[in-house]
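Please read the structure below before turning to the comments.
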Amino acid sequence: MNPKISIIVPVYKVEAYLHKCVDSILSQTLNDFELILVNDGSPDNCGNICDEYAKKDHRVKVIHKENGGLSDARNAGLNIATGDYVGFVDSDDWVEPDMYELLYSMCEKNNCDIANCTSTIHFKHKVVKNGTHSLEIHNRKQAMEFMLKGELYDEVVWTKLFKRSLLEDIRFPVGIIYEDTAFTYKVIHKSERICCIGAPKYHYIKRDDSTMDRAIKNIRIDGVLIYDQMYKFMDKHYSELRNIVALKLANSAMTVMNLMSFHSDFPKYKKQYYEVGHLLNAYFSSTIKLQEYPSTVKLLLAATKVHPLLYKLIVNLASRRRSV
């Protein structure tokens, strides 16, 4: 008999956090689940810690694999998951004791394919609780719009419980960041009914060396590329939502172009800068009409359309004037 839920936890260099994470899952009020710990080639003692949990609790399964990154580890867990539903927890976070009972009951009682709760974000010097609304149920189009607008639903997978049958041909893209963004909208598209509740049941630790922080420091263009793919998807299936994605793409593109423009070693990023600039220009007819953008931003869009390096010239000039 299959467990009700499979909970997948990728594990890599989180020795200081792993016990709290796993203990919070094993203490769930809904206990009919399998916990899949994926040791993604962690060089510390994480692999041994995972094995110790498997010896003590029959619900724990451990996969040991070469390091392939977060997406690859999640995919390895998905490949052996047997639960009716699937949840994801990052190994440096933890969950409230009733999180999965709540999400499971939301799906079962309301005939939903996806359930979504909210989270508590633990920053270095403050704690922020997100969402305090009652249960809401939506069809896929409504949920897609809310997710794209950042209302009620978010793009991350760790606040959600997915019906496993939705995931048979969907996996996380390997080798990029923004993997949750690339995954979630495709699953929503396959669902019929989605529900959400404003109950902060997931605890997310905002570390300075998180994947996203490293991406900003290293300057990655993955977000722009994923929003380009998402726009084409929406154009085909939800054409009325295209402009929301065009806005997200343009915001992401200009953020990356700013980072590159101000970087002391601009030649290192020049090829990627042009790639992002050309992508931004491809959406010019949509972005130039966006009401969300003031004339100053539209000037930058027009300048980029003339030549991508004009964007760099303008933002650098503006920065120097502000510093005078």
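The values are calculated or read from the model by the stated rules, or taken from the named source; none is laboratory data. This one's a predicted model, so the numbers in the text were calculated from it and none came from an experiment. Every residue, glycine as well, gets a Cβ built from its backbone with ideal geometry; the counts of neighbours run over all protein chains shown. Calculation scope for accessible area: heavy atoms of the full protein, side chains included, ligands and nucleic acids excluded. Shrake-Rupley method; radii C 1.70, N 1.55, O 1.52, S 1.80 Å.
Over the chain, what percent of the accessible surface lies on carbon and sulfur atoms, probe 1.4 Å?
Details: 7860 of 15360 Å².
Carbon plus sulfur share of accessible area: 51 percent.
For Glu192 and Asn2 in the same chain, what is the full-extension length gain: residue separation times 0.36 nm, less their Cα-Cα distance, in nm? Don't skip to the end; give the middle numbers.
Working: separation 190, 0.36 × 190 = 68.40 nm, distance 2.29 nm.
Separation in residues times 0.36 nm, less the Cα-Cα distance, equals 66.1 nm.
Sticking with the crude label model, points 7 Å out along Cα→Cβ, report the distance from Asp32 to Thr255 in nm, one decimal please.
Distance between label points: 4.1 nm.
Could you sort out which of Lys248/Lys312; Lys149/Lys206; Lys20/Lys186; Lys55/Lys124 sit more than 25 Å apart by Cα distance in this structure?
Working: Lys248/Lys312 20 Å; Lys149/Lys206 22 Å; Lys20/Lys186 31 Å; Lys55/Lys124 35 Å.
Where the Cα-Cα span goes over 25 Å, the pairs concerned are Lys20/Lys186; Lys55/Lys124.
Note the full-extension length gain between Lys65 and Leu310 as 0.36 nm times their separation in residues minus their Cα-Cα distance, in nm to one decimal. Could the numbers behind the result be given before it?
On the way: separation 245, 0.36 × 245 = 88.20 nm, distance 4.65 nm.
That works out to 83.5 nm of additional length.
Local charge sum around Gly68 (other residues, Cβ-Cβ under 15 Å, Lys/Arg +1, Asp/Glu -1)? Intermediate results must be reported in sequence, preceding the final value.
Values: positive: Lys13, Lys65, Arg74, Arg171; negative: Asp40, Glu66, Asp72, Glu179.
Residues near Gly68 contribute 0 overall.
Residue separation times 0.36 nm, minus the C-alpha to C-alpha distance between Lys55 and Asp265: what's the value? Present the calculation step by step, with values, prior to reporting the outcome.
Values: separation 210, 0.36 × 210 = 75.60 nm, distance 5.08 nm.
Stretched fully, the Lys55-Asp265 segment lengthens by 70.5 nm.
Note down the net charge around Gly277, summing +1 for each Lys or Arg and -1 for each Asp or Glu among other residues with Cβ under 12 Å from its Cβ. Walk me through the numbers before you get to the answer.
Details: positive: Lys270, Lys271, Lys305, Lys312; negative: Glu275.
My count for the surroundings of Gly277 gives +3.
In the chain, if the dipole is taken from +1 on Lys/Arg beta carbons and -1 on Asp/Glu beta carbons about the Cα centre, which of Leu35, Pro267, Val306 is farthest to the positive end?
The listed residue farthest towards the positive side: Val306.
Could the peptides 64-72, 274-282 be put in order, highest first, of the mean number of other beta-carbon atoms found within 10 Å of their residues? Mind dumping the intermediate values first?
Values: 64-72: 16.2, 274-282: 18.3.
Those peptides, ordered most packed to least, come out 274-282, 64-72.
In the chain, what % of DSSP beta bridges are antiparallel (nearest 5)?
On the way: 15 of 40 bridges.
Bridges in the chain that DSSP calls antiparallel: roughly 40 percent.
Using square roots of five times the C-alpha gyration tensor eigenvalues, list the equivalent-ellipsoid semi-axes of segment 1-84 in whole Å, biggest first. Before the final figure, lay out each step's value.
Values: eigenvalues 77, 46, 20 Å².
Its equivalent ellipsoid spans semi-axes of 20, 15, 10 Å.
Enter the angle in degrees (range 0 to 90, nearest 10) between the Cα long axis of helix 179-190 and the first principal axis of the Cα atoms of the chain, meaning the one along which they spread out most.
Roughly 70 degrees between the two axes.
If we sort 38-45, 235-242, 149-156 on the protection proxy, mean other Cβ atoms within 10 Å, highest first, what's the order?
On the way: 38-45: 18.8, 235-242: 13.9, 149-156: 17.0.
Going by the mean number of other Cβ atoms within 10 Å, highest first, we get 38-45, 149-156, 235-242.
Place a +1 charge on the Cβ of each Lys and Arg in the chain and a -1 charge on the Cβ of each Asp and Glu, then give the dipole magnitude about the Cα centre in debye, rounded to the nearest 20. Could you put the intermediate results ahead of the total?
On the way: 43 positive and 40 negative charges, 312 e Å.
With Lys and Arg at +1 and Asp and Glu at -1, about 1500 debye.
Going Cα to Cα from Lys163, which aspartates and glutamates come in below 16 Å? Please leave out same-chain ones fewer than 8 positions away.
Of all the aspartates and glutamates, those that pass the test against Lys163 - Cα under 16 Å, at least 8 places apart if same chain - are Asp32, Glu34, Asp84, Glu101, Glu108, Asp113, Glu192.
What value, in deg cm²/dmol to 500, does the helix sum -39500 (n - 2.57) over DSSP H runs of n ≥ 4 give at 222 nm once divided by the residues of the chain?
Values: 13 runs with 159 residues, N = 324.
Calculated from helices alone, the mean residue ellipticity at 222 nm is -15500 deg cm²/dmol.
Among 256-264, 295-303, how do they line up from the highest to the lowest mean number of other beta-carbon atoms within 10 Å?
Values: 256-264: 17.0, 295-303: 14.6.
By packing density, highest mean first, the sequence is 256-264, 295-303.
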